[in-house]
Amino acid sequence: MRQILKNIAMAAVVMLLTLVIWGCRSDSDSSNITDQKTSVEDGFYIYYINDGWTDISMKKMDVDQQLSSENTVDLVMKALLEGGGTSKFGTPVPAGMTYQRYIYDGYGTVNLIFEADLENVDPYALVLSKEAFVKTLSQIDQVHIVVYEMVDTVNESNVVKDKLTLESFADIDNMTDSEKEIRIFMPDSSGTALVEKSLTLDYSQKESLPEQVMKGLGSSYDGTVTPLNNKTVVKSISVEDGLCTVTFNDAFVNGKEGVDDNVLVYSIVDSLLELDDVNLVQLRPDNTGNRLNDIDLERKFTGDYSYVTR
C-alpha cells in the first residue's frame, strides 16, 4: 500500500510539474520547443535537456543530406550524448541510467539500450529523455520507430522496452494525461469463467505496459482470484513485431489450484491483447517442458473470449 501511495504521489507531482513548466515556456526564447513542426522545417534540431531536468531545449545542427542513414544516426547519437556545450543543452540520459549502445536495423528502427536502476529513475525525467531521443531521431528520413530499452542493473533478466514514434509525443496531453484504462480478465471465484475488470495503465511509469498488465492480474478484485499460483514469478516480458512473450519460472506449469487451465491461460492472453501493439501472446515456462497439462505452450495464442461471463 505504501508503494502504491508513493506511485500516486509521484504521478501527481509529475503532472503538476509538467503543467507548470509548459505554462512557463516563453515564446521569446527561440531555442525552446514552441512549435516543433515550424522549427524543424527550418533545419535539423537536436533535442537536449536543461540542467534542472525541467524542460527540453533544441539546438540546430548542420546535417549533410548526402550522408547515409546509418552515418546520420551515428552523427546524431554522438551529438545527443556529448551535449550541446552549455547547461541548457544537456545529454538526455537521466540520473540512475547509463547509455550502453544503439542498434539501427536499416529499415526504420533504432533500438536504444540503457542500464537503469529502475526503482530509482525519476518518472518525469524518463518521459523527457524518451521525448528528446525520439523527436531528434525521428527527423531522420529512414527512422520511424525508436525502441527505448532499459536493462535493470539489479536484475538483468528484467528488461523494459517501449516502442515509440513521433506520435507518442504529438502533444502535451501525452505527458500530462498519461493514463489509459483497459479491460483485464480475471478468473471468477469458481475458477471456471473469466470476469471483466478495469485496469488503469500509466505510460509515465518505469514498468512497461505488459508488465503493468501482469501486475494487475496479480491483484485481488471482488469475486475473482488471481490466475497464477503464489510460487509463479514473471521473469521477463518482451514485445516484438506484435508478439508478446511472457517468461515464467518453473512453477507456472503447475497451474493454479481451483482454476481451470484454459481459464488461467486466457486470463493472461485476453488481457495482454488489450494492448495496442500486442497481436499474439506466447507463454514460456523457464527450464521446464512446453506444456501446461493438456495445453501446448509452444503455441502463439490469439484471444478466446468464450470464457468471459456477460
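The values are calculated or read from the model by the stated rules, or taken from the named source; none is laboratory data. All values reported here derive from a predicted model rather than from experimental measurement. Don't worry about glycine lacking a Cβ; one is built from the backbone with ideal geometry, like all the others, and counts go over all protein chains shown.
So the values come out like this:
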item: Cβ pairs under 9 Å, 6+ apart, first in segment 247-273 and of a type in the set (S, T, Y), second part of a helix (DSSP H, G or I); result: S267/L217; S271/V213; S271/M214; S271/G216; S271/L217
item: Of the criteria (1) among the small types (G, A, S); (2) closer than 25 Å to S68 by Cα; (3) surrounded by fewer than 17 Cβ atoms within 10 Å (Cβ to Cβ), which one S138 fails; result: (3)
item: Within segment 228-244, tally of residues that are in a loop (DSSP other than H, G, I, E, B) and under 30 Å from V147 (Cα atoms); result: 5
item: Filter result for R2 (surrounded by fewer than 17 Cβ atoms within 10 Å (Cβ to Cβ) and either at pLDDT 90 or above or in contact with a Cys (Cβ under 8 Å, 6 or more places away or on another chain) (or both)); result: no
item: Residue count, segment 270-310 (criterion: exposed (fewer than 14 other Cβ atoms within 10 Å of the Cβ) and among the β-branched types (V, I, T)); result: 2
item: Residues within segment 72-90 that are within 18 Å of F44 (Cβ to Cβ) and surrounded by 12 or more Cβ atoms within 10 Å (Cβ to Cβ), tallied; result: 12
item: Failed criterion for T247 (all others in (1) β-branched (V, I, T); (2) touching an Asp or Glu at 6+ places or on another chain (Cβ under 6 Å); (3) part of a loop (DSSP other than H, G, I, E, B) hold); result: (3)
item: Unique residue being modelled with pLDDT of 95 or more and over 15 Å from the mean Cα position of the chain (by Cα) when the list is V234, V263; result: V263
item: When residues of segment 103-135 are limited to those that are aromatic (F, W, Y), surrounded by 15 or more Cβ atoms within 10 Å (Cβ to Cβ) and outside any strand (DSSP E or B), the one modelled with the lowest pLDDT; result: Y124
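Here is a yes/no grid of residues against (1) free of Cβ contacts under 8 Å to residues at least 40 places away in the same chain; (2) not hydroxyl-bearing (S, T, Y):
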position: V76; (1), (2): no, yes
position: A79; (1), (2): yes, yes
position: G83; (1), (2): yes, yes
position: G96; (1), (2): yes, yes
position: Y104; (1), (2): yes, no
position: Y107; (1), (2): yes, no
